[in-house]
1. Using the structure shown, decide if residue 96 is under 13 Å from the mean Cα position of the chain (by Cα), surrounded by 11 or more Cβ atoms within 10 Å (Cβ to Cβ) and β-branched (Val, Ile, Thr).
2. Could you count how many residues in the range 42-55 are closer than 24 Å to residue 104 by Cβ, surrounded by 16 or more Cβ atoms within 10 Å (Cβ to Cβ) and free of Cβ contacts under 8 Å to residues at least 60 places away in the same chain?
3. Here is a check on your reading of the model: is residue 39 β-branched (Val, Ile, Thr), surrounded by fewer than 18 Cβ atoms within 10 Å (Cβ to Cβ) and free of Cβ contacts under 8 Å to residues at least 40 places away in the same chain?
4. Is one or more of the residues making up the range 71-91 more than 25 Å from residue 132 (Cβ to Cβ) and among the β-branched types (Val, Ile, Thr)?
5. Cβ contacts < 6 Å: first residue surrounded by 16 or more Cβ atoms within 10 Å (Cβ to Cβ), restricted to the range 61-88; second residue of a type in the set (Val, Ile, Thr), any location; separation 6+ or different chain. Result?
6. Check whether at least one residue in the range 22-33 is closer than 23 Å to residue 114 by Cβ, among the small types (Gly, Ala, Ser) and in a strand (DSSP E or B), and report yes or no.
7. Being free of Cβ contacts under 8 Å to residues at least 40 places away in the same chain and among the basic types (Lys, Arg) is the filter here, so list the residues in the range 13-36 that pass it.
Amino acid sequence: MRRPLLNPPSEFSSKEKAEILLRAALSKKAFNPMLIRLVGLTSLTDYFLIISARSAKHVKAVAEAVLIDARQRKFPRYSAEGINQGNWGLLDYGDVVVHVFQNPIREFYDLEGLWSEAPRETFSASMLAEIEAAQEPEEGPEEDEI
């Protein structure tokens, strides 16, 4: 059973909400997303959405994109921690907790290992296509053109 929250009824399931939040993160080139299903394993949340970023500025940009999109959609937020420090941003939306990590910090805390008994969710086909597209390098001048 989840912790008691003042979540108003949502038109989205928790998994759909996680994909919406991921889409906002991908708009800032977040990478290596993982969705861990925690229903029945903890009362904290239904899902952890774990995402990587390349630097402190990137963690902040990704987290801010998620915050802005969630606010526009009127998703209640219960906490936002660590964003300005830039190593690990935590955004708590009740049924979905978003973790935005720099890769070395993600590896150190190893939430995937800590919750190894929790099932990993597969993303929808459209979401997988967006994840792949976000990982492609951006077009820019060739190295010899610089």
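Quick note: the coordinates plus some simple rules give every number you see, no bench work behind them. As the structure is a prediction and not an experimental result, all values here were calculated from the model. Here the Cβ is made from the backbone with ideal geometry for all residues, glycine too, and neighbour counts use every protein chain on show.
1. yes
2. 4
3. Values: β-branched (Val, Ile, Thr): yes; surrounded by fewer than 18 Cβ atoms within 10 Å (Cβ to Cβ): yes; free of Cβ contacts under 8 Å to residues at least 40 places away in the same chain: yes.
In short, yes.
4. Among the residues of the range 71-91, at least one is more than 25 Å from residue 132 (Cβ to Cβ) and among the β-branched types (Val, Ile, Thr), which makes the answer yes.
5. Here the result reads 62/100; 63/83; 63/100; 66/98; 86/59; 87/105; 88/105, each pair linking the range 61-88 to a residue that is of a type in the set (Val, Ile, Thr).
6. no
7. 28
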